[in-house]
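I have placed the structure first, in the form of structure tokens, so that the comments after it can refer back to it.
The values are calculated or read from the model by the stated rules, or taken from the named source; none is laboratory data. Because the structure is predicted, anything quoted here is derived from the model rather than measured. Using ideal geometry, Cβ is built from the backbone for each residue, glycine included, and neighbour counts are taken over all protein chains shown. Only protein heavy atoms, including side chains, enter the accessible area calculation; ligands, DNA and RNA are left aside. Shrake-Rupley method; radii C 1.70, N 1.55, O 1.52, S 1.80 Å.
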Amino acid sequence: VKIPLQKLALGFIEIATVGKFYQSVYLNSAHFVGDGDRKRSIIKSTARYLPDNRITNDDLTALMDTTDEWIRQRTGIEARYWVEEGDDTGTSDLALEAAQIALVRAGWEPAELDLIVMATMTSDTYIPGAGTHLQHKLGGGYVPALDIRQQCTGFLYGLTTADAYIRSGLARRA
């Protein structure tokens, strides 16, 4: 099944990226109905944040030898969003915007999170990762935060990691 990247990039608990496309998905633990103490993850809320600078495939043709058709056929991408050149906005700043929206939609405060998992290849700094920057910016205290440094598959690895923490009982809200 071919899924356009824009639809696949729900984000996950904190962040996923496609270009500079950021979304947050918050997971909450719940019990299987009639299944004792087994836990499962449910998606509690989603949100996204896009920088204002929209770059189309046609914009890229001015920079390199390519065409809109070539890019669409191979990636399905029509446009991507970047921060302005020279802007010091980092990945965690974009993540913060999406995370705050998702937290409001979930009815949660940052202090109620048990875990932050951030999937990105474009961290603010190499060490520490962007997840810890987001943790600090959210102001929710000392919540475990980790980065998954993968490109497109980071979303799936992050979602699986958060689900494992919830199912194991190590986290209730990620």
* Asked: Per 5 Å bin, what is the whole-percent P(r) computed from every C-alpha pair distance within segment 27-174?
  -> 2, 9, 14, 19, 18, 14, 10, 7, 5, 2, 1, 0
* Structure fact -> Between Lys44 and residues 5 or more places away or on another chain, the pairs with built amide H atoms under 5 Å apart involve Tyr26, Leu27, Asn28
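Quick one: accessible area per residue over segment 101-159, 1.4 Å probe, rounded to a whole number of Å²?
Details: 3140 Å² over 59 residues.
Accessible area per residue, segment 101-159: 53 Å².
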* ³J(HN,Hα), Karplus 6.51/-1.76/1.60, whole Hz, each residue of segment 149-161, x for Gly, Pro -> 9, 10, 7, 4, 6, x, 4, 5, 5, x, 4, 5, 5
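If each residue of separation counts as 0.36 nm, what is the full-extension length gain between Thr56 and Tyr157 once their alpha-carbon separation is subtracted? Intermediate values should be presented prior to the final figure.
On the way: separation 101, 0.36 × 101 = 36.36 nm, distance 2.83 nm.
Roughly 33.5 nm would be gained on extension.
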* Considering amide H positions built from the backbone, and no H for Pro or chain starts, which residues 5 or more places from Ala119, or on another chain, come under 5 Å of its amide H? -> Glu14, Ile15, Ile148
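I'd like the chymotrypsin sites (Phe, Trp or Tyr not before Pro) in segment 110-174 restricted to DSSP loop residues with at most 16 other Cβ atoms within 10 Å, sorted by number. Write out the running numbers ahead of the final one.
Values: sites: Tyr126, Tyr142, Phe155, Tyr157, Tyr165; in loops: Tyr126, Tyr142.
Those that pass, being in a loop and sparsely packed, are Tyr126, Tyr142.
So, with a 1.4 angstrom probe, what is the percent of accessible area on segment 42-174 that is carbon and sulfur? Each step should come with its number before you reach the end.
Details: 3930 of 7730 Å².
That fraction is 51 percent.
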* Set the Förster radius R0 to 22 Å, insert the Cβ-Cβ distance between Arg172 and Glu78 as r into 1/(1 + (r/R0)^6), and round the FRET efficiency to 0.05. => 0.05
* Asked: How far, in nm, would the chain grow between Arg105 and Lys137 when pulled straight, counting 0.36 nm per residue and subtracting the alpha carbon separation?
  -> 9.7 nm
